Amino acid sequence: MTLVSIPGSHPLIDGRQSDSAMLVRRGVQRLLDKMLHASLPELPLASGRRADLISLSVKGEIWIIEIKSSIADFRADQKWPEYRAHCDRLFFATHAEVPLDIFPEECGLMVSDGYGAHILREAPEHRLPPATRKSVMLEFSRAAARRLMVAEWTAGASSTEPEA
C-alpha cells in the first residue's frame, strides 16, 4: 500500500517492507509524534545507506530507528553500525513476536504494536560533529519539503502548475 507515490524519486514505501515492518514503523512514528519528534521514513544518507526511520527532536537531536520485523531480517542486515555516523542516537524497533535478546546492547530498543510503541532501552548518546549534523539536517529538511510538495500536487491541492 503506497501512502504517497513520488514519481522519479524515492517512494515512501518501495515494496521491500513487510506488513509487519510497516506496522512497527507506524507505531514508532506515533510514539515519536507524542514525543514531539518530526520523523521521516526511508531517508537516503550521505553514505549511500537509507535510514528506515529518522527523527528530529525539539532540541535538534537526530535519531535513527532501524526496523527489524524478524530474526531473519536482523541477521540478514548487518550494516546497522554504519548508521551511527548519521545520528546522535541509534535504536532498533521491532514487534512482540521477535525475541528481544538478539538486539545489541549498545543500541536503544523499541517495541511497537502498530498503534504505539514503547522505549524498552534508551540509546546511548554519541553526538554528531557539527558539519555532519548540518548535512543530515539539510537532507531531512529538503526531503520533507519535497515530499510535502509532491503530496500536495498529487492530492490536487495546487491549482496551478509550478512556474519554470
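Values in this text are rule-based calculations from the coordinates and carry no lab data. Only a predicted model underlies this, so the values are computations on that prediction, with no experimental measurement involved. We place every Cβ from the backbone using ideal geometry, glycine too, and count neighbours over all the protein chains shown.
Details
- Mean residue ellipticity (222 nm) of the chain, computed from DSSP H runs ≥ 4 via -39,500 (n - 2.57), nearest 500: -9500 deg cm²/dmol
- Gain on full extension, evaluated as 0.36 nm per residue between Ser57 and Arg142 minus their Cα-Cα distance, stands at 28.9 nm.
- For the stretch 19-155, a simple Cβ point-charge model (Lys and Arg +1, Asp and Glu -1, everything else neutral) yields a dipole of about 540 debye relative to the Cα centre.
- A simple spin-label model places the labels of Asp33 and Ser70 2.9 nm from each other, with each point 7 Å out along Cα-to-Cβ.
- Net charge over other residues, Cβ less than 9 angstrom from the Cβ of Asp77 (K, R count +1; D, E count -1): +1
- Residues considered: Ala76, Ala143, Ala151. Largest GNM mean-square fluctuation over the chain, using C-alpha springs under 10 Å, is found at Ala76.
- Efficiency of FRET from Cβ geometry, Leu120 and Glu82, R₀ 30 Å, rounded to 0.05: 0.80
- The GluC sites (Glu not before Pro) of the stretch 21-115 meeting both criteria, a DSSP state outside H, G, I, E and B (loop) and at most 12 other C-beta atoms within 10 angstrom of the site's C-beta, are Glu97, Glu105, Glu106.
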